[in-house]
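The values are calculated or read from the model by the stated rules, or taken from the named source; none is laboratory data. Just so it is clear, the structure is predicted and the values come from calculations on it, not from any experiment. Positions of Cβ are backbone-derived with ideal geometry, glycine not excepted, and every protein chain shown enters the neighbour counts. Just so you know, the surface numbers come from the protein's heavy atoms only, side chains and all, with ligands and any DNA or RNA stripped out. Shrake-Rupley method; radii C 1.70, N 1.55, O 1.52, S 1.80 Å.
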Amino acid sequence: MKLLIAGGAGYLGTTLIPKILERGYSVDVVDLFWFGNKLPVEVGILNKDIFDLTVADLAGYQQVIFLAGLSNDPMAEYSPSKNFIFNAAAPAFLAYVAKQAGVKRYIYASSCSVYGYTENELYDETRPVSSNYPYGISKLQGEQGVMNLVDAGFSVVALRKGTASGYSPRMRLDLIINTMFKCAIRDGEITVNNPSIWRPIISVEDAASAYIRAIEANEKLSGIFNVASGNYTVGEVDDRVKTQIEEQLGNRIRLNIKHIKDVRNYKVAVEKAGNVLSFHPRHDVGTIVQNLIENMDKFSDWDNPLYYNIRTFQKLEEDQAPEPVLTKATAGR
Ligand SMILES: NC(=O)c1ccc[n+]([C@@H]2O[C@H](COP(=O)([O-])OP(=O)(O)OC[C@H]3O[C@@H](n4cnc5c(N)ncnc54)[C@H](O)[C@@H]3O)[C@@H](O)[C@H]2O)c1
């Protein structure tokens, strides 16, 4: 089987792709390589924007996976226009072109952020979604766009992932546990903006397993699935990260607890993914921290801008900004 992965050079893709190769499938990646290239050499590379793909480019792939776009709130708020183009329009465009090319399955990287601010109830996929911030709205628009294309010959699986964490070859230190881990080791202090809010967390390893289950699911199967390793309050996450680092590494970690209002608060039910996709998470906060400790020497250049999506994206946007145009009034000054 031959797969095309859009955005495959990112945090999730660089953990997922070696597992796909191990299963004997062939993989090409289309990516703009904003954060460099840590992909295995066997992967075919298309260094271009998704919007430059044609039906001919997509011929011959059995499945297409969308992992691209602006992958967090700070990027979405820095460039709302690119957010809506890359997160809402691009997944639908790619699914449309893939279907025309005869691709059989499309897998979309959705997000639990579509749920918005909910009041401490467990949300399954049938519950109404209510995000009112650019990232959450655009991920929902992308999901709706691709699900509209489902028919007897084209199946679509949307995976609403919790916030990912853990080590990946293309590393991110702007994700909940990864950020706490960095702050604990580098500064000896974890700052918590709001300990009472709920978040579904997914280890990047469990996230990769969810994609494998979707790739290998019955070819007629379509649907939307919550996927997470577990639901936690942020206060519980920081306690577990602190305790584990103190016990294993002997560091003393201070906590700086604040009570800043958040627009997101949700916990999700993952039974549907278990029952229909056979997705069963194996990780929790403890194993994620363990995985970070074991790989720490690979990302302890803590301030590398590539580990922080907003820093790299902002720099790329500034570098591409056109020179200010000289007007008659300013030209002679
Ligand atoms: N990481 C998380 O916690 C999380 C949680 C839920 C959902 N998601 C979604 O999962 C996907 C993958 O997340 P990630 O953390 O691996 O992201 P990432 O930011 O690490 O990688 C995104 C990749 O997409 C590429 N890209 C972006 N726009 C492109 C375009 N128009 N054409 C070609 N390439 C493009 C970038 O160069 C980058 O390599 C994203 O769609 C994200 O919204 C992520």
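The ellipsoid that matches the Cα gyration tensor of the stretch 49-148 has semi-axes, each √(5λ) in whole angstrom, of 27, 16, 9, with the longest given first. Remark on ILE5: its backbone amide H falls under 5 Å from those of ASP28, VAL29, VAL30, ILE65, a criterion applied only to residues 5 or more positions apart or on other chains, H modelled at 1.01 Å from N.
Step through the table entries LYS2/LYS104; LYS220/LYS272; LYS182/LYS298; LYS161/LYS267; LYS48/LYS182; LYS2/LYS220, compare each Cα-Cα distance with 23 Å, and write down the pairs that go over it. All intermediate terms of the calculation are to be shown ahead of the outcome.
Details: LYS2/LYS104 11 Å; LYS220/LYS272 17 Å; LYS182/LYS298 13 Å; LYS161/LYS267 11 Å; LYS48/LYS182 32 Å; LYS2/LYS220 18 Å.
Violating the 23 Å limit, Cα to Cα: LYS48/LYS182.
Here the Karplus relation 6.51 cos²θ - 1.76 cosθ + 1.60, evaluated at θ = phi - 60°, turns the backbone of the stretch 186-191 into coupling constants of 6, 10, x, 8, 10, 9 Hz, with x for every Gly and Pro. A simple spin-label model places pseudo-atoms 7 Å from Cα toward Cβ; at ASP284 and GLU323 they are separated by 6.0 nm. Both radii were evaluated on the Cα set of the stretch 46-85; the Rg over Rh quotient, with Rh as the Kirkwood radius, amounts to 1.08. Net charge of the neighbourhood of THR14, taken over other residues with C-beta under 10 Å away and scored Lys/Arg +1, Asp/Glu -1, is +2. Placing unit charges on the Cβ atoms of the charged side chains and taking the dipole of the stretch 34-131 about its Cα centre, the candidate lying farthest along the positive direction among LEU39, THR54, GLY69 is THR54. By the rule of a C-alpha distance below 12 Å, with chain neighbours fewer than 8 residues away ignored, the aspartates and glutamates paired with LYS139 are ASP73. Pairwise Cα distances in the stretch 1-50 exceed 17 Å in 21 percent of cases.
In sequence order, the stretch 43-59 has phi-based couplings of 7, x, 10, 10, 8, 7, 6, 3, 5, 8, 7, 10, 4, 4, 4, 8, 5 Hz under the Karplus curve 6.51 cos²θ - 1.76 cosθ + 1.60, θ = phi - 60°, and Gly or Pro positions carry x. Note on LYS258 and ASP151: the extension gain reaches 33.7 nm, defined as 0.36 nm multiplied by sequence separation minus the Cα-Cα distance.
Name the shape class, rounded, prolate or oblate, that the alpha-carbon gyration tensor gives for the stretch 208-333, where a ≥ b ≥ c are the square roots of its eigenvalues, rounded holds for a/c under 1.5, and otherwise prolate holds if a/b is larger than b/c and oblate otherwise.
oblate
What the Cβ-Cβ distance of TRP302 and LYS220 gives, at R0 = 51 Å and to the nearest 0.05, is a FRET efficiency of 0.65.
Restricting the stretch 129-236 to GluC sites (Glu not before Pro) that sit in a DSSP loop and have at most 16 other Cβ atoms within 10 Å of their own Cβ leaves GLU219.
Leaving out ligands, DNA and RNA, and with a 1.4 Å probe, what % of the accessible surface on the chain is carbon or sulfur? Don't skip to the end; give the middle numbers.
Working: 7510 of 14540 Å².
Reported share for carbon and sulfur atoms: 52 percent.
Per-residue Karplus couplings for the stretch 162-177, computed as 6.51 cos²θ - 1.76 cosθ + 1.60 with θ equal to phi - 60°, are listed in order as x, 5, 7, 7, x, 7, 9, x, 8, 7, 10, 10, 10, 10, 2, 6 Hz, Gly and Pro entered as x. Per residue, the stretch 204-319 exposes 50 Å² of solvent-accessible protein surface, assessed with a 1.4 angstrom probe and all protein chains in place.
Once Rg and the Kirkwood radius are both taken over the C-alpha atoms of the stretch 264-313, their ratio Rg/Rh works out to 1.14.
Stretch GLU121-TYR96 to full length: gain in nm at 0.36 nm per residue minus the Cα-Cα span? Don't jump to the answer; show the numbers that get you there.
Working: separation 25, 0.36 × 25 = 9.00 nm, distance 3.53 nm.
Computed gain between GLU121 and TYR96 is 5.5 nm.
Only helices enter this figure: runs of n ≥ 4 DSSP H residues, each worth -39500 (n - 2.57), summed and divided by the residues of the chain, yield -10500 deg cm²/dmol at 222 nm to the nearest 500. Loop-located trypsin sites (Lys or Arg not before Pro) in the stretch 198-252 (DSSP state not H, G, I, E or B) with no more than 16 neighbouring Cβ atoms inside 10 Å: LYS220, ARG252. Relative to the Cα centre, the charge distribution of the stretch 210-286, modelled as +1 at Lys and Arg Cβ and -1 at Asp and Glu Cβ, gives a dipole magnitude of about 260 debye. Only the Cβ atoms of Lys and Arg (+1) and of Asp and Glu (-1) were treated as charged; on that basis the dipole of the chain about its Cα centre amounts to roughly 300 debye. Annotation: Cα Rg of the chain relative to the compact-globule expectation 2.2 N^0.38 Å equals 1.01.
Find the all-direction average of the projected area of the Cα convex hull for the stretch 137-252, expressing the result in square nanometres with one decimal place. Kindly include the intermediate steps, with their values, before the conclusion.
Details: hull surface 35.5 nm².
Result: a mean projected hull area of 8.9 nm².
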